[in-house]
Amino acid sequence: MTITCSLGEMMIAALARTIEDATLVFHGFGSPLIQLAMHVAKRTHAPRMVLVAGATYGIDPDPPFLTPTTNDWVMDRGATSALDIEELFDLAASGRLGRMFLSGLQIDRWGNCNVTTLGYPDIKLKLPGGGGGCNLSCDVAHLTLWTTAHRAQEDAEGRRRFRLIEGCDFITNLGHRTWDGKRTRDLGHRGYGPQWLVTELGLFDFANDGHMRLKALYPDISLDEILENTGFKPRLASEIEIIPPPEQSVVEFIRRFDPLKIHEKELRAEDIRRRFSIA
Amino acid sequence: MSTRSRPVYADFDKRKSLDDLASFVTDGDIIAVGGGLSSREPMALLRAILRRGTSGLTAVGSAHGIDIDLLCAGGALSASAESYVGFEQDFGQAPNYRRALESGTVKAEDSCCYTLVQQLRAAIQGLPFMPMRSVRGTSFLSLHPEYRRMVCPFTGEELLLVPAIEPDVALIHAQYGDARGNLVIQGPPVADTLFAKASRVVLATVEEIVPTQRLGELVGISIPYFYVTAVSEVPMGAHPTACYPFYPYDRAHTALYYEAARKGADVFHAEYLDIFVHGAAEHTNYLARIGGEATRKRLVSWSDGPEAWKLLYRDEAMA
């Protein structure tokens, strides 16, 4: 009998809760936590979700196990049909895509994400790039952001490197304010921008003016830890909640679906060891 | 530009050697590399291009990995306009790509998937640009000063205009083709059909060249022969990326590649390029160097079922 779950499983459950039933939802590549969250949502509260798999663009696949890379035939086994690249992005541009998940090596207080470069225009560290994230951040109705590296670490020179920062060096994926401080809602994009941010420390939403706001913590994390590890002063919800654990059946599904523990590749070693009671 | 008329390739027999295909790519070309991430990338053709010493290429594309990383290491690129280059959660960032872009030897012209789709669609339709809503408000506008804004004359809303991209050469690896250059792609086509229609020259390697009649019986997406300039039969031509149903992603070889790349440019040259690219003058030499029949057998075991498939991706399978 399973009586504890891992941080990865807590995060997957928190991410899954941001998905509504009967909406068209898409995940990108390089994001096993999101792949798992979508399959969890479809098997629990969102059975009518239209699940579009990243890279293969298969519709409602039922893969036998999670693979180390996204464009693998394993991942579209059981799909009832498949889109091509232009159809997927057309769905977003025409307002059919309900939710997408995005991340960044920098995430700012307005939910902008940088996956392109640290340092700009002079490149200090070239990041891999955001795929279609830039387009989708503007076009998709709602965004859930996530990161597994909220906790600030020291770089080679001993400086603390924040993942959640005041402003991004380069805006790859659009949040609620542009690089020059304008409200993005005035740009006339289809999407309403970031709605949630799930990290390994807590859960944020975004206030009416688009600023990031702390909403909930994991049971083993204090408010001080959040504030110490955030590169700006986040707003605080009037009541900070505790993130609930997943149901036992969800934990068991995750372990069956990801026997190679692919999702742990997204997590730091100290976070893989964290355990939470689900009793 | 996109207003130029584009050639039609009508020859009955376009079969050529791999090196002949590579010779169509000239210094300074804009190339569109097919496939994506760990799947169906035209790796044998890229290795042949590197052996020729071709340089100054600009790569356009969506989400890629080892293909663009290898071109960076081999000195073929001067700019990358890919939307992503990396090894996803499996190995992380692309070491050769990072070195090349951080040192400035390859210029960062990053793009986004839908922007690329719209730019290719403009070329396909013979139009100078396509409009779109997204991207406005992001830093891509400063990276790409060629983008323009306009007020829609019908609705009054502001739109972004992105210019046509007409690649000089598309490099595609498909499962099947015939002598005339008809292609069948099975599984996700990624941007390959767009690349084939938008590019001036289309070079295709295929796992098998089959009679045209057999091609018609295969399930998959077809690319008509008149887009295709030349075709070459290159079994395992996408290795170490996947080309199902023939073989999956070779995670063990990719780990070897990544380990050499991580150690630095000189180590990568000695431990990878000199052995698997410059040290393998023919594709058959490459196949021998990656382990020959034993490797092929290991990879085809994916078709024995999910348990065998899973085994190929276990960490202990890397040793």
Worksheet item: Can you find even one residue in segment A:233-244 that is assigned to a strand (DSSP E or B), β-branched (Val, Ile, Thr), closer than 30 Å to residue B:141 by Cβ and away from chain B (no Cβ under 14 Å)?
Response: no
Expected output for segment B:162-177 (first residue under 15 Å from residue B:202 (Cβ atoms), partner at pLDDT below 95, Cβ below 6 Å, 6+ apart or cross-chain) is B:166/B:2
Next on the checklist: Residues that are in a loop (DSSP other than H, G, I, E, B) and on the phi > 0 side of the Ramachandran plot: does segment A:29-50 have at least one?
Outcome noted: yes
Residue set B:238, B:196, B:252, B:261; condition within 25 Å of residue A:132 (Cα to Cα), small (Gly, Ala, Ser), touching a residue at least 24 places away in the same chain (Cβ under 8 Å) and part of a helix (DSSP H, G or I); output residue B:196
Per the filter on segment B:109-121, residues crowded, with 23+ Cβ neighbours inside 10 Å and either more than 9 Å from chain A (Cβ to nearest Cβ) or part of a helix (DSSP H, G or I) (or both) are B:113, B:114, B:115, B:116, B:117, B:118, B:119, B:120
Picked from segment A:76-104 (must be more than 10 Å from chain B (Cβ to nearest Cβ), among the hydrophobic types (A, V, I, L, M, F, W, C) and surrounded by fewer than 23 Cβ atoms within 10 Å (Cβ to Cβ)), the residue nearest to residue A:153 (Cα to Cα) is A:91
Within segment B:176-206, of all residues that are touching a Gly at 6+ places or on another chain (Cβ under 7 Å) and surrounded by fewer than 24 Cβ atoms within 10 Å (Cβ to Cβ), the one nearest to the other protein chains (Cβ to nearest Cβ) is B:186
Filter pass, residue B:227 being without any contact (Cβ under 8 Å) to a residue 60 or more places away in the chain and closer than 30 Å to residue B:197 by Cβ:
no
The residue from B:61, B:56, B:92 that alone is more than 9 Å from chain A (Cβ to nearest Cβ) and surrounded by fewer than 22 Cβ atoms within 10 Å (Cβ to Cβ) is B:56
When residue B:86 is run through (1) within 12 Å of chain A (Cβ to nearest Cβ); (2) over 30 Å from residue B:272 (Cβ atoms); (3) small (Gly, Ala, Ser), the failure sits at (2)
If we keep only residues of segment B:265-319 that are within 14 Å of chain A (Cβ to nearest Cβ) and part of a loop (DSSP other than H, G, I, E, B), then the residue farthest from the chain's Cα centre (by Cα) is B:305
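The values are calculated or read from the model by the stated rules, or taken from the named source; none is laboratory data. Quick caveat, the model's predicted, so the values are computed rather than measured. Please note: Cβ atoms are built from the backbone with ideal geometry, for glycine as well, and neighbour counts cover all protein chains shown.
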